[in-house]
1. If you line up the long axis of helix 148-170 against the longest principal axis of the chain, both from Cα atoms, how many degrees apart are they, to the nearest 10?
2. Using a 10 angstrom cutoff on alpha carbons, build the Gaussian network for the chain and name the most mobile of 107, 26, 146.
3. Under unit Cβ charges (Lys, Arg +1; Asp, Glu -1), what dipole magnitude, rounded to 20 debye, does the chain have relative to its Cα centre?
4. Can you tell me, using C-alpha contacts under 8 Å and at least 6 residues apart, the relative contact order of the chain as a whole percent?
5. Do any trypsin sites (Lys or Arg not before Pro) in segment 66-127 lie in a loop, going by DSSP, with at most 16 other beta-carbon atoms within 10 Å of their beta carbon, and if so which?
6. Which value, in Å² and to the nearest 10, is the accessible area of residue 84 when all protein chains are kept and the probe is 1.4 Å?
7. Can you work out the Karplus-derived ³J(HN,Hα) for every residue in segment 7-19? Use 6.51 cos²θ - 1.76 cosθ + 1.60 with θ = phi - 60°, whole Hz, and x for glycine or proline.
8. I want to verify a result. In a Gaussian network model of the chain, Cα cutoff 10 Å, which of these has the top mean-square fluctuation: 81, 31, 119?
Amino acid sequence: SGPDWWAGQLVQNSPDRAGKWAAVPMPLGGPDSVPTTVSGGTGLALTKFSPNKNEAWDFLRYTHLDTDNIVHSFQIINLFPALTSAAQSPELHKESAITNYFGRQDMAALYADLSKQAPSQNQAWWRSLIGKAWDKFEPDYQKGKMTPEEFLSKVEEELQSLMDAEEAREK
């Protein structure tokens, strides 16, 4: 599994493998699962500290909320647009180095279909802290030094500690 932009990495770094790859949905993990994930992602934010909020918001609207611009961006960087209107654009489905590499597979059609099934992912101010808490204990978990339950409990405790420290710093 990997992000959509990995397709471009394969084209650039393994040109001799053209035509030997296909993109498929994630396997289902059970009756209530979906064939996609919300792991990772790319985003932009406008902070409360920005001295040029209006200009920054205009830029974000131009680059991420304009269908033509987001389609053009996809053609350059192969990062499938989160803007759902872009999936209707014929430009997203044209033959390209990516589609040729993947045996003429319409990757955009696959991404668009999966995007309808992907679960929502709401961001929280503490989201980045989860990675820190996770990374602190993952090596020991991977080495079998703790059970999954112990690992998740330690991550939860560490996350709460990091959140408390951040909230105290903000006061």
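The values are calculated or read from the model by the stated rules, or taken from the named source; none is laboratory data. Please read all numbers here as calculations on a predicted model, not as lab measurements. Neighbour counts run over all protein chains shown; Cβ positions are idealised from the backbone, glycine included. These area figures cover heavy atoms from the full protein model, side chains too; ligands, DNA and RNA do not enter into them. Shrake-Rupley method; radii C 1.70, N 1.55, O 1.52, S 1.80 Å.
1. 80 degrees
2. Per the Cα network of the chain with a 10 Å cutoff, 146 tops the list.
3. Dipole about the Cα centre, nearest 20: 280 debye.
4. Reported relative contact order: 25 percent.
5. Those that pass, being in a loop and sparsely packed, are 94, 104.
6. Ignoring ligands and nucleic acids, residue 84 comes out at about 110 Å².
7. My calculation for segment 7-19 gives 4, x, 5, 5, 4, 6, 9, 9, x, 6, 9, 4, x Hz in order.
8. 31
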